Each structure stands twice: as structure tokens, then as C-alpha cells.
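**Q** Pasting a structure below so you can have a look.
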Amino acid sequence: MTLTRAGVLRRIDAAFPADPVVLTLGGTAREMVAVAGRRPNHLVNLDAMGQTVGVALGLALGLRGTRGGRVVAVEGDGSLLMGLSVLSTAGHLKPDNLVVLLLDNGVYLATGGQPTAAAGADLVAMALACGWAGAREVRTGEELTAALDWAREAAGPLLVRVFVGTEQIRTDYLLADPAILAEDFRRWLRAPTGGPADV
Ligand SMILES: Cc1ncc(C[n+]2csc(CCOP(=O)(O)OP(=O)(O)O)c2C)c(N)n1
Ligand SMILES: [Mg+2]
């Protein structure tokens, strides 16, 4: 059975409760808030298509050696393709704490479901060819469990391409000011609360 985006987001939140998580724009961010609530360790990259992984890369480089754990980017296929050069930059800089969880539904769902070019692109091969430490595809719940365990432990940068369906759950709009979202996250980063990455 095809994985749903909301279900995968719930699993991501449970797998990384105390690590910085940078969320791509649109329905992904809204669905994460719907399934997990506003979490202090989540940075919503509101409207900034193409920049999610770059923001996470900067965080990963800045935080490397200062705290345990990972920096997680939750990205969409359309948004990744918009800023694809980040694959070569991250492969070159090799932050061992960076994890990219790509939720690939094959479309620009937020703007009406137009197909992206992801279907014809072997993004795992591309990441590996750019020097990433690991990359894999996920299609089932069992594969997701194994990939999340792997993503918590293995040396990065790591890319997990999770194939999800186009089903969406009903959510509220996310109308918070991006400056406030960023400031909340910054405050948490300075004084993290609640979880294993604290130690
Ligand atoms: C530069 C830019 N172009 C277009 C948009 C409009 N836009 C918002 S979300 C989105 C689709 C993103 O696709 P994807 O990353 O695959 O996420 P999905 O909607 O499928 O979850 C688009 C085109 C935008 N926010 N910024
Ligand atoms: Mg998409």
C-alpha cells in the first residue's frame, strides 16, 4: 500500500523528537503541524521553495561538533528539483550530521498536482554521484522503519527518497509570520528542551 504523506510525517516526528527539523513549504508543513502540533525543534521554511535543504545544510555545518544528533530536512520533490545544486554542495562539504528525507509524490501538489520531472530522475544515484555518504529509496512501512533507524545512526550526508501518494489531510492554514517561526526555532536551538539530543 502506498505510504501517505501525513503518516510518514508522523513517523519522522517520532524518529527525530529533539533534532532540528527543517520543513519544506506548503502542505507538508501544514500536515506536520496537523499531526504533530507546533514543535519547537521544527523550522517551517514558509514559502521558500527550493531552499529547504540549503537551510538544513547551513544548520548542519554550523552545528557540527556542537551538539549530538542530526539536522533533518523534510523536502518535496518539486522543491528539491528547484534547488538541485544543493546535492553537489552537500556532497562536496559532506556534513556527517545531515539527513534529507524527500517526500516524493511526483507532483507539485500544493499548486494543483502538475507532474514534476522527478519520475525520470534517479535522485538516489544523483546524490551518490555527488559524494553523499548514503542514499536509498523507501516504498513500504518496513522500509521506512529501517531507513529512519539508519538515518539516525549512519554517517551522513544521507538522502532517503520516500515515495508517497497524493492524498492530503484537511489542515488549517499556516499563517504565522516567518520571522516569528524563525525566532521560535532560534530560541529552541540556543536552549533545546525535551529529548535525547539534549545530552
Ligand atoms: C519560487 C516559488 N515558485 C513557486 C511557488 C509556488 N509553490 C508553492 S508549493 C509548490 C509545489 C511544491 O512541490 P513539491 O516540493 O513537490 O511539494 P508538494 O506540494 O508536492 O508537497 C509551488 C509550485 C513558490 N512558493 N515559490
Ligand atoms: Mg511533490
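**Q** Dipole of the chain, Cα-centred, from +1 at each Lys and Arg C-beta and -1 at each Asp and Glu C-beta, to the nearest 20 debye?
**A** 360
**Q** Here is a further query. Among 113, 166, 176, which residue has its Cα positioned farthest towards the positive end of the charge dipole of the chain, with +1 placed on the Cβ of Lys and Arg, -1 on the Cβ of Asp and Glu, and the dipole taken about the Cα centre?
**A** 176
**Q** Of 130, 2, 43, which is farthest along the charge dipole of the chain in the positive direction, counting Lys and Arg as +1 and Asp and Glu as -1 at C-beta?
**A** Result: 43, furthest along the dipole toward the positive end.
**Q** Using modelled amide H (1.01 Å from N, peptide plane; none on Pro or chain starts), what sits under 5 Å from the amide H of residue 105, excluding residues fewer than 5 places away?
**A** 77, 164
**Q** Once you've got the GNM for the chain with C-alpha springs shorter than 10 Å, pick whichever of 43, 93, 148 has the biggest mean-square fluctuation.
**A** The residue with the greatest mean-square fluctuation here is 93.
**Q** Sticking with this structure for a sec: Please list 3J(HN,Hα) in residue order for the range 52-67, calculated via the Karplus relation 6.51 cos²θ - 1.76 cosθ + 1.60 where θ = phi - 60°; whole Hz, with x for glycine and proline.
**A** Result, rounded to whole Hz: 4, 5, x, 5, 5, 4, x, 4, 4, 5, x, 8, 4, x, 9, 8.
**Q** Return 42, 92 ranked ascending by Cβ neighbour count within 10 Å, so the fewest neighbours appear first.
**A** The most exposed by this proxy come first: 92, 42.
**Q** Once you charge only the Cβ atoms, +1 for Lys and Arg and -1 for Asp and Glu, what is the size of the charge dipole of the range 90-198 about its Cα centre, to the nearest 20 debye?
**A** 220
**Q** Just going by the charge dipole of the range 20-92, with Lys and Arg at +1 and Asp and Glu at -1 on Cβ, which of 54, 27, 80 is farthest out on the positive end?
**A** Farthest along the dipole direction, towards plus: 54.
**Q** Cα gyration tensor of the range 111-199, axes a ≥ b ≥ c as square roots of the eigenvalues: rounded (a/c below 1.5), prolate (a/b > b/c) or oblate?
**A** Oblate is the answer for the range 111-199, as a/c is 1.5 or above yet b/c matches or exceeds a/b.
**Q** How high is the relative contact order of the chain, in percent, with contacts defined as C-alpha pairs under 8 Å that are six or more residues apart?
**A** Across the chain, relative contact order equals 28 percent.
**Q** Of 150, 188, how do they rank once you tally other Cβ atoms within 10 Å and put the fewest first?
**A** 150, 188
**Q** Residue by residue through the range 167-175, what is 3J(HN,Hα) from phi via Karplus (6.51 cos²θ - 1.76 cosθ + 1.60, θ = phi - 60°)? Round to whole Hz and write x for glycine and proline.
**A** Result, ordered by residue: 5, 10, 9, 6, 9, 6, 6, 10, 10 Hz.
**Q** Would you mind ranking 82, 49, 1 so that the residue whose beta carbon has the fewest other beta carbons within 10 Å leads the list?
**A** Starting with the residue having the fewest Cβ neighbours, the order is 1, 82, 49.
**Q** Suppose we keep just the DSSP beta bridges with both residues in the chain; what percent of those would be antiparallel, to 5?
**A** So the antiparallel bridges amount to about 10 percent of the total.
Quick note: the coordinates plus some simple rules give every number you see, no bench work behind them. As the structure is a computational prediction, the values presented were derived from the model and not from experiment. Positions of Cβ are backbone-derived with ideal geometry, glycine not excepted, and every protein chain shown enters the neighbour counts.
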